[in-house]
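Take a look at the structure set out below.
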Amino acid sequence: MELNQDQKDMRDWVHGFAQNVMRPAASEWDEKESTPWPIIQEAAKIGLYGFEGIAQFFSDPTGLTMPIVNEELFWGDAGIGMAIMGTSLAVASIFGQGTGEQIGEWIPRCFGTETDVKVAAFCASEPNAGSDVSQIRTRATFDETTNEWVLNGQKAWATNGGIADVHVIIASVDTELGSRGHAAFVVPMSECKGLTQGAKVSKHGLRASHTADVYLDDARIPAGNVLGGKEKLDARLARVREGKKSKSQAAMQTFEASRPTVGAQAIGIARAAYEYALEYAKEREQFGRKIIENQSIAFALADMKTEIDCARLLVWRASWMGKTGQTFENAEGSMSKLKAGEVATWATERAIHILGGNGYTREYPVERWHRDAKIYTLFEGTSEIQRIVIARAISGMHIK
Ligand SMILES: Cc1cc2nc3c(=O)[nH]c(=O)nc-3n(C[C@H](O)[C@H](O)[C@H](O)COP(=O)(O)OP(=O)(O)OC[C@H]3O[C@@H](n4cnc5c(N)ncnc54)[C@H](O)[C@@H]3O)c2cc1C
């Protein structure tokens with residue numbers, strides 16, 4: 001159960017960046033509500049943001065380095081953390097579904113270079129297709145005359161949407177097949193006039209992370225920009241039309257791989273709030289004693305610590321299972337994301353309560369942590385969607 005020295009060194013290195021660079025800047029970027037490019041660049045300079053960095057986190061054979069890095073970053077600040085880690089959703093999609101050639105071409109472009117940093121966006125959701133990805137209406141049609149894909153539609157709530165260089169777009173090639181007719185396309189903004197940014201969303205939390213609609217208006221991309229290649233896609237669609245099972249559902253594959261990592265981000269926020277509340281409770285005096293000397297406060301902190309550790313163990317188990325190729329018999333990835341998101345929302349609310357009136361003010365960071373935490377019960381599948389996935393896995397039945 002003990003972390004090895006490499007994992008501990010990585011944790012301490014990322015923690016240093018979170019403490020010294022992210023924490024001091026957190027409130028400012030939350031108020032500005034804009035992408036913290038200088039901080040992303042600093043992360044790139046030290047190798048924390050970039051192709052080599054992510055490859056190193058991912059290469060740990062136990063699978064634990066990725067959640068450890070995410071927990072530390074989001075302990076530092078979730079908005080800035082998402083500005084740094086938002087790119088990884090597109091990267092996971094390219095890595096999971098792309099050919100070797102596509103991985104080599106597009107993943108480095110997602111990050112740019114140390115002097116010219118870029119971000120990437122993964123765009124699945126649409127105004128009428130959030131939890132129900134089968135309702136995706138963005139269409140990809142193939143133009144034989146020019147050997148290009150032509151994409152049309154509207155994407156919603158895309159992290160880094162419109163400011164990214166590389167956009168991974170989930171589109172329907174055959175609407176009659178529901179989510180089995182979907183495929184993932186790489187759309188480089190600089191080379192495609194048909195992709196534009198729509199309205200930027202003003203948010204409750206994660207405000208240093210850019211979220212926006214993306215419009216695709218006759219967006220033309222080369223035939224080779226479909227992840228996995230056109231031949232493989234054609235073969236898969238033919239199998240589905242014949243009524244055979246399809247192995248790949250583009251959006252769901254990406255979500256399955258990323259859920260424990262997202263859970264680790266929620267744990268980072270929860271741990272920040274717990275640690276802050278613990279110190280506060282040991283200092284603050286009322287009725288002539290420290291407030292932690294009251295069982296109600298001490299027990300709340302005991303529960304927070306217990307729940308956070310419990311969530312972390314679920315996240316580490318799912319990360320280890322994913323990396324070592326274990327079968328997710330009981331939707332353990334969804335379990336970890338469900339638990340972590342709910343613990344973060346609950347623990348940050350408890351932290352506000354322990355700080356009393358101070359907790360409710362912007363003079364103290366816990367209200368920001370609470371705002372940031374709430375998204376973890378919503379994106380990457382809401383808590384209800386995680387429960388549906390788990391319920392179906394444990395029952396073998398089609399629970400609605
Ligand atoms: C800050 C932010 C960043 C995001 N980043 C991205 C991104 O980078 N890429 C991307 O593709 N998307 C992104 N999203 C979108 C996000 O994934 C969706 O908001 C999420 O999937 C929920 O979809 P929805 O908002 O349409 O809610 P809905 O699906 O409309 O759900 C509304 C409510 O109904 C419940 N509900 C729905 N169906 C059921 C059911 N069958 N049973 C029980 N309850 C149900 C839900 O749990 C929820 O409580 C982002 C969203 C936000 C807010």
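A few comments on the model shown:
- For segment 242-400: relative contact order, % (alpha-carbon pairs under 8 angstrom, 6 or more apart): 29 percent
- Portion, in percent, of the accessible area of the chain that falls on carbon or sulfur, probe 1.4 Å: 52 percent
- In summary, the helical segments of the chain meeting the span-like criteria, namely a full DSSP H run, a Cα extent along the axis of 30 angstrom or more and a mean Kyte-Doolittle hydropathy of at least -0.5, are 250-283, 295-323, 332-355.
- Members of 203/339; 230/323; 32/203; 323/374; 155/374; 155/203 lying beyond 19 Å, as alpha-carbon distances in this model show: 203/339; 230/323; 323/374; 155/374
- Residue-span extension gain [residue 234 to residue 132] - 0.36 nm each, minus C-alpha spacing: 34.3 nm
- Pairwise centroid distance, computed over Cα atoms, of segment 179-227 with segment 84-135, Å: 10 Å
- Segment residue 9-residue 113, length gained on full extension (0.36 nm per residue, minus Cα span): 35.0 nm
- Applying 1/(1 + (r/R0)^6) with R0 = 22 Å to the Cβ-Cβ distance of residue 59 and residue 99 gives a FRET efficiency near 0.65.
- Working ranking of peptides 367-373, 237-243 by packing, defined as the average number of other Cβ atoms within 10 Å per residue, highest first, is 367-373, 237-243.
- Label-to-label distance, nm, for residues given as residue 282 and residue 303 (7 Å Cα→Cβ offset): 2.2 nm
- Excluding same-chain neighbours fewer than eight residues apart, the lysines reachable from residue 282 by a Cα-Cα span under 16 Å are 290, 305.
- Couplings 3J(HN,Hα) of segment 198-211, computed from phi: x, 5, 7, 8, 8, 10, 6, x, 6, 7, 7, 9, 7, 10 Hz, in residue order, whole Hz [Karplus 6.51 cos²θ - 1.76 cosθ + 1.60, θ = phi - 60°; x for Gly and Pro].
- In whole angstrom, the chain maps to an equivalent ellipsoid with semi-axes of 37, 23, 19, each derived as √(5λ) from the alpha carbon gyration tensor and ordered largest first.
- Charge tally around residue 218: other residues with Cβ under 13 Å, Lys/Arg +1 each, Asp/Glu -1 each, net 0.
- Think of a 1.4 Å ball rolled over the protein heavy atoms: the chain then has 45 Å² of accessible area per residue.
- Amide H contacts of residue 198 (H built 1.01 Å from N, under 5 Å, at least 5 apart or other chain): 213, 214, 215
The values are calculated or read from the model by the stated rules, or taken from the named source; none is laboratory data. Treat the numbers as computed from the prediction; the structure is a model and nothing was measured. Cβ coordinates were reconstructed from backbone atoms using ideal geometry, including for glycine residues, and neighbour counts include every protein chain displayed. Quick note on the areas: whole protein, heavy atoms, side chains included, nothing else; ligands and nucleic acids left out. Shrake-Rupley method; radii C 1.70, N 1.55, O 1.52, S 1.80 Å.
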